[in-house]
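The values are calculated or read from the model by the stated rules, or taken from the named source; none is laboratory data. On a predicted model such as this, the values are computed, not experimentally measured, just so you know. No Cβ is skipped: glycine too gets one built from the backbone with ideal geometry, and neighbour counts run over all protein chains shown. For accessibility, only protein heavy atoms count, side chains too; no ligands or nucleic acids. Shrake-Rupley method; radii C 1.70, N 1.55, O 1.52, S 1.80 Å.
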Amino acid sequence: GGGMSALEAQMLSQQKSHIKHRFADVDEKGTTLCKFMCQTYWATQFQAVRKAFLGDDDDNGYVASLSVARAWNAQGGKSGAVFLKSADGRFVVKQITRTELQMFLDYAPAYFEYISKAFFHNMETVLCKVVGVYTIGYQNRVTGKRYMEQVVVMQNLFHERVITRVFDLKGSARSRYVQVDDEDGSGSGSGDKGRVLLDDNFMEFTEGRPLPLHDRAKEYFNKAVLNDTLFLSIINVVDYSILVGMDEEKNELVVGIIDYMRQYDIIKRMERMGKSVGMIAGQAEPTIIQPPAYRNRFQQAMQRYFMMVPDKWTWCLGRSEERAPQNHQQGNNNNNNNNNNNN
């Protein structure tokens, strides 16, 4: 088509727009009680991402969502990270380290360029969308308490869904298993609701067989995994996983690639210095493998975990002009319903 839309141009702007906003609580005498600071990174570009994703003309809805956020115990909790969920369930706020923030800020232009292909050029992706990155802090003048944290705001993949089981999959060579209190280890026990399960629980749940996906969903999923893992490999990121939620009401899988803020060389350097990278035993590789190797292993695992089952369109898969309507990513058989239908 013709030229680029204004929104796409805004998303692809190379201009750094980090905005620091300060405000304070004062009492009736005008004495400062508490000072607050919020630094917004890549503000212009993220505003475009939110507009494309949410379809809102301004950020009022986004601000309203974030203004009521509650602590949320996202289990499978890597490194004891702190999570919040907006009260309306649309967003997840995750605390990240300064190192992770720095990494993301460095590759942010690549992220905006990549995600714009999904929004404006129908590229297949299952990357969980990051919609804002901030440093927030306060200094309480009364108690003397100071606080500073870095956070990333992401879409909540499971918004408005009834998810009965969640798996966090990496295709790791090491054992990744969560002890659960039901007989078959598949996380259906009463005490395990909401428990995030890992690769080996997944194999146990499927009894070693791949999960069937309709072929058009599988085709989309394959392309998305190829695209996303290539992108992450190019920006040197490892240690990501794919979150798979089972929506048993709609009989759908909801998936998204998460935790993509770790760059190989930085983790490697920290490892050499003997620093913990904030990982629980069994959550990370004993030695971190390089991005292309991580990508290959991840892709092979996806092939093992999910397989195509024929549906009524299979016979014409090769002849695309006879193919069913293309809006299948919102259809009944997709694994990532969150993709293009601005929720």
Problem set entry | Those residues of the stretch 251-267 which are open to solvent by less than 30 Å² (accessible area, probe 1.4 Å), closer than 24 Å to GLU160 by Cβ and more than 10 Å from the chain's Cα centre (by Cα), in sequence order | GLU252, LEU253, VAL254
For this session: Within the stretch 238-276, work out how many residues are part of a strand (DSSP E or B), modelled with pLDDT of 90 or more and of a type outside the set (D, E, K, R).
Result: 12
Exercise. What residue, of PHE91, PHE83, PHE158, is open to solvent by less than 50 Å² (accessible area, probe 1.4 Å), out of contact with any helix residue (DSSP H, G or I) (no Cβ under 9 Å at 6 or more places or on another chain) and closer than 30 Å to ARG22 by Cβ?
Worked result: PHE83
Exercise. Out of (1) open to solvent by less than 10 Å² (accessible area, probe 1.4 Å); (2) over 23 Å from PHE158 (Cβ atoms); (3) free of Cβ contacts under 8 Å to residues at least 60 places away in the same chain; (4) not aliphatic (A, V, I, L, M), what's the single condition that is false for ASN201?
Worked result: (2)
Problem set entry | Filtered residues of the stretch 8-47 (kept if assigned to a helix (DSSP H, G or I) and either in contact (Cβ under 8 Å) with a residue 60 or more places away in the chain or among the β-branched types (Val, Ile, Thr) (or both)) | GLU8, MET11, THR44, GLN45, PHE46
Seminar exercise, completed: Expected output for the stretch 259-288 (first residue of a type in the set (S, T, N, Q), partner assigned to a loop (DSSP other than H, G, I, E, B) and modelled with pLDDT under 65, Cβ below 8 Å, 6+ apart or cross-chain) is none
Exercise. Quick one: what pairs do we get from the stretch 218-230, first residue modelled with pLDDT of 95 or more and open to solvent by less than 40 Å² (accessible area, probe 1.4 Å), second of a type in the set (A, V, I, L, M) and part of a helix (DSSP H, G or I), C-beta under 8 Å, 6+ apart or different chains?
Worked result: PHE221/MET302; VAL225/MET302
For this session: Please tell me if SER188 is hydroxyl-bearing (Ser, Thr, Tyr), over 30 Å from GLY3 (Cα atoms), modelled with pLDDT under 90 and surrounded by 20 or more Cβ atoms within 10 Å (Cβ to Cβ).
Result: no
